[in-house]
Every structure is written in C-alpha cells, then in structure tokens.
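Asks: Got a structure here, written out as structure tokens. Questions coming.
The values are calculated or read from the model by the stated rules, or taken from the named source; none is laboratory data. Only a predicted model underlies this, so the values are computations on that prediction, with no experimental measurement involved. Cβ sites come from the backbone with ideal geometry, for glycine too, and all protein chains shown count toward neighbours. Surface accessibility is based on the protein's heavy atoms, side chains included, excluding ligands, DNA and RNA. Shrake-Rupley method; radii C 1.70, N 1.55, O 1.52, S 1.80 Å.
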Amino acid sequence: MIGLRLVAAAGTLALLVGAVRLPADPAVLMIGPLVAGLAVAVVLATGPARPGPLAPAATIGAGAASIALTAWLRTIADPGTEPDAATGLWILLEPALLLVLVYAAVRWSPPRAAIASAAAAGTATALIVQRMLTGEPFLSLLAASALWLVPALVAGAAAWYLRWSAAERERTVERARQDQRLSLAGELHDFVAHDVSEIVARAQAGRMVLAGDDPKLATLLEQIETAGVRALESMDRTVHALQQDTARHPVGGLDDIDALARRFAASGDVAVVVDRRLPGGAGRENGAVAYRAVVEALTNVRRHAPTAAKVSIVLAEEDGWLRVTVADDGRGAPRSKSRASAGLGLPGITERAERLGGIVEAGPREPRGWQVAVRLPLGQGAST
C-alpha cells in the first residue's frame, strides 16, 4: 500500500515537472494528460484491492475531462501545424493513462462502477483521434475512433480475464473448504460421536451395576455420564454448523441478528440492544458477512470481556454503505493486543468484507470496552 502511494506521488510530481519543463503547444493539450495522471494517482493511492468510491469517480472525471477537451478542440480551437516532440509526447501520454484507468476499473472496481468508469475512459480514448482529423468524411472519422478504441477493449478484456481467474481460484478454494467441512462432519458423526456414546453407555451401566453401595462412585459415574451427554450435544451442534456452512445459502443474514442477540443475552447477564437504521435491504452477501461479523464480535465479548454489562449492535446505512457496529462496555483498560489477535474469526471476516469491497476495523473504545465496525458497499450487494 505504501509502495503504491509512493508511485502515485512520484508519477504526479513527474507530470507537474514535465508540464513546466516540456510544455505542450498549445498548453491546453496538457489538461487531459494531467487530469488522467491525477486519476491514476488516486487509483494507486486508494489501493487497487479496495478502490472504494473515490477511484471510479476519479476515472469517470478523467474520461469526462478528456471528452470535453476533444469537443472544445473540434468546435473552437484550430488544430494548427504539425506538433513538436514535446507536444506529441503529451498527445500520446493521455490515451496511455486512460488505458491504465480502463484496466484498473475493470480489474478492481465493483461491477457497476467498473462499467461506468471503464466506459468513460474507453470512450475518451477513442475520441482523442478526432482532435487531429479535420474535414474528413463521417465514415473515416468513425473508423479512426473504432481503431483507437481497440487498445481500450484489449486492456479491459485482459483485466476482466484476470478478475475472472482470481474469482475462479477463490471459488475453487471455497469448494475445497466445503468438502473438508463435509468430511470432518462425517468423521465426527460416524466415529467420534460413536465413541462418546459408548462412554456414556458404560457410565450408565456402571451406575446400575457397580455403584449401588458406594455414593462417591455413583456421583463420579453420574458426572461422567453428564459430561458425555454434553459432549454429544455440542458435537451435534458442531456437525450441524459444518453442514450448514456447505450450503449454497448463507447461514444467517440481517434478519437473523435480532434472534442472535436474544440468544446471546439469554445465555448470560449481558444486555444486548439492536439499533436498526436501514430503510431497505442490504443484499444476501452483505447480510451474510454482517451476520458473521456480529457472531464473531459477540463470541469475543463472551471470551475476552466477561465483565461487560451491555452490548450495542447498530445496523445503519450511510452514504451508500452498510455499517455494522458491535460495541461492548467491558470493564478495565482495553487489552488491544490480546483482543485483536485472538482467534482466526476476525481475519476471516476481514477477508470476506474486503472481497465485497468493504472495510473491517476493530479496536478499543473510550472510556472502556471494545468495538468492531464493518462497512460494506450497498451498490453491488443490495439486489443480490
């Protein structure tokens, strides 16, 4: 991330120095390359893996600026004489930067944003040639723009293929994980549960045959039987959860969070408050990630904040984002290191959220307690 920001800063500085040392003639021809270069810098600085809404907006802005410049040069400005070397460099730099924006948009942006931003940058690339053609027939102008559109189509196709390949790898890994879960569930059900059932049966038999005259032995065997029954119940729940994880639909969604909060509150002395500020749905994938995030946060409350008296769960929509916040009031100083590094659940939630273009943040809150916040874009997941 830092390396990309350094590249963005260095590229921006190089453009500014070039504008001063090697200006184009006329200078207006530098507007398109400068705007496109700044857009590339924004894309790199925000991070290709998590572009957010700023990168597509910068790409669309660069495409619109280039198209407007082409229209102005066609209708008002005089193309003039043959450009010198510096001016030719600026003319070629603009479509090259626009191709980078096309690639980045298709490769990393959410689907709707990718279509809009790639279309804007690709159209601008195709129209640049119109600045250099005057008095040509319409079909010649159309053919020239079609030819200049080819590099943008190639860049978009290459980015789409890499995006599809990455998604296919993720699907392959997920299928392998599902197969492992099913295999583990089968082994728990067929072998481990059988052995535990045998332990329970032998403890019951021992109580009837051996412990009639020995109260201590009877108590011990009863404790063994009770522990075995609890182990069987826990194993049943584990097998059920493993089998649910392999289903094609999510285990839970936004509509299941209230029931989850009630079960958590009933199992202890913690008050759980759910605050919903959602005017509509958030989509199946977003709902699944939000539900899993709440489950993980509540689990960490039970594990690391036994003194917590209240947990607040907020589900809200803010500027096109779904925000899910789980905060507790655990007593004492926040133990950021132990809480943040506990378990593998939070990294898994972070990975799922980032796959949808979201962000997960966790840390201590003032004056005490801990907070987990998940932000997910509603643009791509709201209708699924």
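Asks: For the range 1-112, what is the accessible area per residue in Å², given a 1.4 Å probe and the full set of protein chains?
Replies: Using a 1.4 Å probe on heavy atoms only, each residue of the range 1-112 averages 52 Å².
Asks: Mind ranking 36-42, 126-132, 214-220, 199-205 by how tightly packed they are, going by the mean number of other C-beta atoms within 10 angstrom, highest first?
Replies: The most tightly packed comes first, giving 36-42, 126-132, 199-205, 214-220.
Asks: Return the FRET efficiency for the residue pair VAL314, ARG263: r is the Cβ-Cβ distance, R0 is 22 Å, and the value is rounded to the nearest 0.05.
Replies: 0.70
Asks: Further question on the same structure: Can you give me the distance in nm between label points at ALA158 and THR307, each placed 7 Å from the Cα along the Cα-to-Cβ direction?
Replies: With each label placed 7 Å out from Cα toward Cβ, I get 5.9 nm.
Asks: If you place +1 on the Cβ of every Lys and Arg, -1 on the Cβ of every Asp and Glu, and leave all else neutral, what size is the dipole of the range 24-179 about its Cα centre, to the nearest 20 Debye?
Replies: It works out to roughly 740 debye.
Asks: Given H placed on each backbone N at 1.01 Å, which residues far from LEU322 in sequence or on other chains put an amide H within less than 5 Å of it?
Replies: So LEU322 has HN proximity to LEU376, LEU378.
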